Each structure stands twice: as C-alpha cells, then as structure tokens.
Amino acid sequence: MSTHCKLLYALPLLFVSSITGFASPLNCKLLSLVPPGAGIVAGFENYPDDHRHGRLLLSTHNNRVDLADWLSITGVDSQRAFHEGIEVASTSAGSEMLTEHLLLVEGLFDKERIYKAAELNGAQRSEYEGAGLILIQPFTREREEMQDLRWLVILDNQIGIIGTPFLVKQAVQRYQTHAGIDQDLAERLSQLPRDVSSWNVLVSSPTDRRNIYLHLGSRWAGLVEDAEVLLVGARFGPKVRVDFLLHANGSRGAEFFKEKITSFEQVFASVLPGASQKRRSRDVSFEPGRVRGAIQLSQRQFEVWGDQGGIDLGSQGARATSHGE
C-alpha cells in the first residue's frame, strides 16, 4: 500500500450517460455504501447535456487513478452507462494519512465481459462474502503513482466498486446488509443546496489537518485551517455556482468567519480579476459556528480555474502538482 495520501485536485471530468433530471445529493443511490468516518467523500450526478454533465469537483490523486483505471478496465463493455459516482478517501489503522481510497459507480455494466477481459490481461479472480471480484495489481505504466493492490467488484451489473480492500470490503458488506446512509454524512449533505450536481464533504481533525491540508501551503489552506467540516457543491448551468459551508472547530468569533470568506474568494481570485468586494460577498450568510457562501463563475472561468490546478491540497510525502501536469 502507498505510504501517503497524494494531492487533492479539481477534476472537471465528463462521463457519458443516458439519464436526466435533478436530485438532491441525499437521493444518490450509492450513499448507503459509503463507510462511516471517511475524511473525504466526493460525489456527482451525470447528465448528458453540455451544462449539466457529471463532474468531480474535488478529488485526491489516488481517487483519480482509480477512476482512470475503472474507465480503462470497463472499456471493453461498449454498452456501459454511468449515472452516479462517489469517491471516498479514508485513513487506515495506525495512520493519519488518507491512504485508503474507493470509487463507487452506479449504472449498467456487463460484469462477465469485464471480468473475462481483466483476466486476459493478467488479473486474478477471487471472492469476498459470496461476491466475485477481480484482484488488480499495480499497472506497470503507473507504479510510481499507485502501489496498492485493489479489488474490483461489480454487483448485480449495476454497481461498480474499485479501491483498496479495506474500503471495498465495507462497501460490499453494506450492500449485502442493506445498510442505511451514515447519519453524519446524511446530516452534512442535507445542508447543501438541493440543486447541486457535484458535492464534496471534507472532514478535518486536530491530528490530521495540518498533514493533509496545510503541508504544501495550498490555495485552500486558509479556508480549511481550524475548520471541522468543509462542504463544497457546484451547480452547472449557463453559469457555474460554487457553494461552500464551513463548520468551525471550537468557539470562533466574527473575525474568524470573515477571514474564511476572504479565503474562499482567494481560491478563485485568478479567474475573477478586479471583482469588487461587494459583488463577491453578496451571497454570504453567517450562522452560529458556521459560515456559508456562494460564487458565480462563467463556464470559461470555471474551466480556466480547473486547468490552473483548482484545488491542490497537499500531504506529507506528496509532490505539489497542478491539474493537467
């Protein structure tokens, strides 16, 4: 297993899908499979048109590799469809780093076709709790990026799972026992606007916050520091609305939250030159122990922001890179 959590990126990635419509993040069919206690949970719904297609807003490097490999492995299935996706990053026993990673995808998949093709490429079949799976050894082309043995599971030709065995086992168990959505995750997602089609939940703690979020001085460091939970959502349309909600650690005063608004604006400063303070802060509200805000970007501004690196939160042992490097 790799010894460190790699970087957190903005990832404006598009899937091909056949569904339409809006739904609250809480209606995501995959939420019940997310193990409790994750440090990062990122999800999206997938739409076919130019303004509402599925995008992953924030993603760790390990999660990005999982997604790229899932797309590659399942490419033999010409009829595959993707409706929803969730990425999870979590700590492992005895470590403060987010070394465990998981991708969940809901759609339509030809399990046997995908499994047989993986076997022809050297993968091995195995089984866990009655569920057939494929053991994915690190690919030669990406061994510098991914050293983990991963499990790939397809359940009922509708749910795809790939990730480290620690999290895949939990997801399979939750599926088989018809587990409900983790209450903490549900409560946090309920605070996001219902119309967001991409969302993220980042949970920090006094022991891991500095290592995971602040080590490389990322552009989001000022926003995350001394925060307990950071929620980020996006609504894609003619304009891209980016929402955030931050819960503070401990008792914080008004100045603390004003600093967080400034930090949020600074994240997008490179694509909002000359924007007035009044215009930037128009969609801001304060509540006990938390602050929420929103910012509007054009499609072009959002794309440029993503190309420049978007979010680049660092971790110990990771090399600072930007999206597209």
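The values are calculated or read from the model by the stated rules, or taken from the named source; none is laboratory data. Predicted model only: the values in this text are computed from it and were never measured. FYI the Cβ positions are ideal-geometry reconstructions off the backbone, even for glycines, and counts take in every protein chain you see. Areas reflect the complete protein model, heavy atoms only, side chains present, ligands, DNA and RNA absent. Shrake-Rupley method; radii C 1.70, N 1.55, O 1.52, S 1.80 Å.
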Task: Scope region 27-61; condition at pLDDT 90 or above, part of a loop (DSSP other than H, G, I, E, B), touching an Asp or Glu at 6+ places or on another chain (Cβ under 8 Å) and open to solvent by less than 20 Å² (accessible area, probe 1.4 Å); matching residues - done: Leu30, Val34, Pro35
Open item on the list: I need every pair where a residue in region 99-119 that is of a type in the set (S, T, N, Q) has its Cβ under 9 Å from the Cβ of a residue that is open to solvent by less than 50 Å² (accessible area, probe 1.4 Å) and assigned to a strand (DSSP E or B), sequence separation at least 6 or different chains.
Closed with: Thr99/Ala89; Thr99/Ser90
Task: Close pairs (6 angstrom Cβ cut-off, 6 or more residues apart or separate chains): within 12 Å of Val41 (Cα to Cα) in region 179-201, of a type in the set (Phe, Trp, Tyr) anywhere - done: Ser198/Phe44
TODO: Only residues that are of a type in the set (S, T, N, Q) and either part of a strand (DSSP E or B) or over 23 Å from Thr91 (Cβ atoms) (or both): list them for region 130-162, please.
DONE: Gln137, Thr140, Asn157, Gln158
TODO: Go through (1) surrounded by 14 or more Cβ atoms within 10 Å (Cβ to Cβ); (2) at pLDDT 95 or above and name the single condition Thr91 misses.
DONE: (2)
Open item on the list: Just checking, does region 163-170 include any residue being in a loop (DSSP other than H, G, I, E, B) and open to solvent by 60 Å² or more (accessible area, probe 1.4 Å)?
Closed with: no
- [ ] Please go through region 228-240 and pick out each residue that is over 13 Å from Ser197 (Cβ atoms) and surrounded by fewer than 21 Cβ atoms within 10 Å (Cβ to Cβ).
- [x] Glu228, Val229, Pro238, Lys239
- [ ] State whether the residues of region 104-122 include one that is more than 18 Å from Phe82 (Cβ to Cβ), outside any helix (DSSP H, G or I) and open to solvent by 20 Å² or more (accessible area, probe 1.4 Å).
- [x] yes
Task: Qualifying positions in region 125-144 - touching a residue at least 12 places away in the same chain (Cβ under 8 Å) and open to solvent by 70 Å² or more (accessible area, probe 1.4 Å) - done: Glu129, Gln137
Open item on the list: Condition (residue is modelled with pLDDT under 50, more than 18 Å from Leu231 (Cα to Cα) and either hydrophobic (A, V, I, L, M, F, W, C) or surrounded by fewer than 20 Cβ atoms within 10 Å (Cβ to Cβ) (or both)) applied to region 285-304: is it met by at least one residue?
Closed with: no
Task: Of all residues making up region 169-185, the number that are more than 18 Å from Glu106 (Cα to Cα) and aliphatic (A, V, I, L, M) - done: 1
